Amino acid sequence: MTTVLQPRLRSAAPCDWPLPGGSWATLRLLAPGDVDAERAFFNGLSLDARHQRFHFGLRELSPALLRLLTDVDQRLHRAWVLALCAPGQPLIADVRFVADPNRPGEAEFALAVGDSWQGRGLGRRLTAHLIAEARRAGVQWLHGDVLAENRRMLGLMREFGMQLQPHPDGAELVRARLRIDTAR
């Protein structure tokens, strides 16, 4: 039986995420016009944060990788961004999953939080959002690759009940897998 992922294009209400320190942010679907904002988000990440997200050192996004990150169909490739609620404010986080059309019910996820916003619970809230949206879209299994040295991300994955498995490509990566109906 093939799982068909249904688009759910409802955006979050404006300024619906209170942030530590009294700020507010909007969680919304990545839009076609977000190419420059996504590039700026990437450029604002430290080299270490880029390495944690992409698993190798990237000084800049190639046009092909930028297109891959921003050309989303919001059906198989679902992506959300978190932006501060003020005109012209940069993105502070990005979370997404990409369903595998060859493996119905499975999707790969990724998460990045801007350096100055890390350690404030945003990763936890974004992961909970991602799991809920994946469930609504008919995803049964989520998986993501995490650097073995990224203890904070591995701890977050454990909090949500993900299985941490050796990665087939080597010991520097860990595969985090979650059966959606068992998510905490």
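Of note:
- A single entry from R39, R53, R28 fulfils the requirement of being in a helix (DSSP H, G or I), within 24 Å of V139 (Cα to Cα), of a type in the set (D, E, K, R) and modelled with pLDDT of 85 or more: R53.
- Residues located in the stretch 63-87, provided they are under 22 Å from S46 (Cβ atoms) and among the small types (G, A, S): A79, A83
- A110 vs. criteria under 16 Å from L76 (Cα atoms), out of contact with any His (no Cβ under 6 Å at 6 or more places or on another chain) and hydrophobic (A, V, I, L, M, F, W, C): yes
- Any hit, the stretch 132-154, residues being closer than 24 Å to D169 by Cα, part of a helix (DSSP H, G or I) and open to solvent by 50 Å² or more (accessible area, probe 1.4 Å): yes
- Cβ pairs under 6 Å, 6+ apart, first in the stretch 170-184 and within 15 Å of R151 (Cβ to Cβ), second part of a helix (DSSP H, G or I): A176/M157
- Note on the stretch 62-72: among residues that are part of a helix (DSSP H, G or I) and without any contact (Cβ under 8 Å) to a residue 24 or more places away in the chain, the one that is least open to solvent (accessible area, probe 1.4 Å) is L65.
- Candidates R120, R59, R75, filtered to the one that is part of a loop (DSSP other than H, G, I, E, B), in contact (Cβ under 8 Å) with a residue 40 or more places away in the chain, more than 26 Å from D181 (Cα to Cα) and open to solvent by 30 Å² or more (accessible area, probe 1.4 Å): R120
The values are calculated or read from the model by the stated rules, or taken from the named source; none is laboratory data. Quick caveat: nothing in here was measured; it's all calculated off a predicted structure. Ideal geometry is used to build each Cβ from the backbone, glycine not excepted, and the neighbour counts take in all protein chains shown. Please note that ligands, DNA and RNA were not included when accessible areas were found on the heavy atoms of the full protein model with its side chains. Shrake-Rupley method; radii C 1.70, N 1.55, O 1.52, S 1.80 Å.
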